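The values are calculated or read from the model by the stated rules, or taken from the named source; none is laboratory data. Since we're looking at a predicted model, the values are computed, not measured. All Cβ positions, glycine included, derive from the backbone under ideal geometry; neighbour counts span all protein chains shown.
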Amino acid sequence: MREHDKETVVVIGAGLAGLTAAATAARARRPVVVVEAHTAGGRARTDELSGYRFNQGPHALGRGGEAWRILHDLGVPHRGHRPPVRGARVVRGGKLAGVPTGQLASLIPRLLTVSAASWAGRSAEEWVESLGGSRDLPDLARMLIRVTTYVTDLGRMPAGFAIARLKAARRGVSYLDEGFASLVEGLSSAASAAGATIRTHQAAAGINAVPGGWEVELAGGEVLPAAAVVIAAGSPAAARKLLPVDPGWPELGPPVTAACLDLGLRGPHPSVVIGVDEPLYLACHCPPGALAPAGGSVVHVMRYGAGDEGLDRAELHRFATLAGITSDQIAAERFLAAHVVTHVLPGPEDGLAGRPAVAVPQAPGVYLAGDWVGPSGWLSDAAMASGQHAAMLAAGAPAEDRTHPRMA
Ligand SMILES: Cc1cc2nc3c(=O)[nH]c(=O)nc-3n(C[C@H](O)[C@H](O)[C@H](O)COP(=O)(O)OP(=O)(O)OC[C@H]3O[C@@H](n4cnc5c(N)ncnc54)[C@H](O)[C@@H]3O)c2cc1C
């Protein structure tokens, strides 16, 4: 290895996790090369259709969470707006209704004062069932948990995690002007300004141990020497393909999926319509976010937990119609079938602590990052928290100290 290569951190994947890792390691004065199979952004991409900017389904940045803090640390600016609640409605028994403010006023304090520790090891469904009363309260609790986690299968979800998410949701969320692409652009600029090189349309094919470090093999045959490697390729399956060793993970848990209908509208638009007894969501993200041509709006319709593609598409169109959207208003639309919101829903026994750790003990100098990695955060918060942690470890230890199990 050349002297320079002893320092280089190679990051695989330029989603939020990889870009956070790249900016963090570059700011720690390590040479950084990012390789990305497609264009930068991953699931945080924002695509433009006929002047309407669509995130990959509805995306909101949690205020004051891990991602918010890391963006601040890295000096990445973002501008957004709190979701409008005026005109919000729910759907119950297939019919539009006003928000049940009285029931929510009695339920929410109960949800927010419960201790997560007292429900350790049990499922969110057990907790919700314990609320008692008529069917209405558990249904409303399930709706709130869906909106704050994207999870529909509460039987497989740790109660403590649901409680923590509901408490964190009090800080609110931000609909970002220009969409999540503004974070991708900001993180890419922060990484580049600190000296990182981002190479798009270059997939990594594998990682091999060499004396004093690692080599990252690209699909085209090129080999990149590295002192440390951060795998931020989006999913456990993608990481497993790249890892130089068997990580020995147990069953990690199922993915959390959604079917999304992204709509660009002209004319009037509904604000928020949420299903109480069915896992459906509709919200206008612009206005307030800047995502549409003048006078237009962007509305995201979603089914939590994707099913059959054709049925989901028809159901989302029906829900949009029920919310008052007419077909002549639709100027642009995109359907995303079975989109993976996050690849791992950890089980009730372990909670988030059951996700794989950032460090790979069998491969010192190789680290994992992504929204399925590490004990903190959910979705973008987890992606960026693990990206930052991986980069700090990768930038920390000198390469010479590492011994590879395969080479010992
Ligand atoms: C419908 C939906 C709604 C969501 N809503 C929210 C929300 O409201 N709030 C929130 O915080 N989060 C939300 N999320 C989740 C958020 O988008 C993700 O948590 C986050 O973008 C994941 O980032 P990542 O970097 O871990 O993975 P990814 O974004 O998947 O990035 C992985 C990258 O690695 C690249 N890659 C893969 N293999 C290779 C290889 N071999 N070589 C090189 N590159 C490779 C991929 O091309 C990709 O760019 C939502 C997601 C969905 C789908």
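Observations on the model:
- The set of residues in the stretch 153-167 being touching a Gly at 6+ places or on another chain (Cβ under 8 Å) and surrounded by fewer than 18 Cβ atoms within 10 Å (Cβ to Cβ) consists of ASP153, ARG156.
- For the stretch 346-376, the set of residues classified as surrounded by 23 or more Cβ atoms within 10 Å (Cβ to Cβ) and within 15 Å of the chain's Cα centre (by Cα) consists of ARG355, ALA369, GLY370, ASP371, TRP372, VAL373, GLY374, listed by residue number.
- The criterion of at least 3 residues that are within 13 Å of the ligand (Cβ to nearest atom) is met by the following strands (runs of 3 or more DSSP E) wholly inside the stretch 150-267: 173-176, 204-210, 213-218, 228-231, 256-266.
- Where a residue in the stretch 91-119 is at positive phi and its partner, wherever it lies, is surrounded by 10 or more Cβ atoms within 10 Å (Cβ to Cβ) and not in a helix (DSSP H, G or I), with Cβ under 7 Å and at least six apart: GLY93/ASP277
- Considering residues of the stretch 327-345 that are closer than 25 Å to VAL173 by Cβ and charged (D, E, K, R) only, the residue surrounded by the most Cβ atoms within 10 Å (Cβ to Cβ): GLU333
- The lone exception for LEU176 - which of (1) closer than 30 Å to ARG122 by Cβ; (2) crowded, with 21+ Cβ neighbours inside 10 Å it fails: (1)
- Residue identified as surrounded by fewer than 22 Cβ atoms within 10 Å (Cβ to Cβ) and out of contact with any Ser or Thr (no Cβ under 6 Å at 6 or more places or on another chain) among VAL298, VAL272: VAL272
- Condition check for GLY220: surrounded by fewer than 23 Cβ atoms within 10 Å (Cβ to Cβ) and either modelled with pLDDT under 95 or under 30 Å from PRO158 (Cβ atoms) (or both): yes
- Meets criteria (among the hydrophobic types (A, V, I, L, M, F, W, C) and more than 30 Å from GLU315 (Cα to Cα)) for ALA259: no
- Test for VAL245: is it over 21 Å from ALA26 (Cβ atoms) and in contact with a Phe, Trp or Tyr (Cβ under 6 Å, 6 or more places away or on another chain): no
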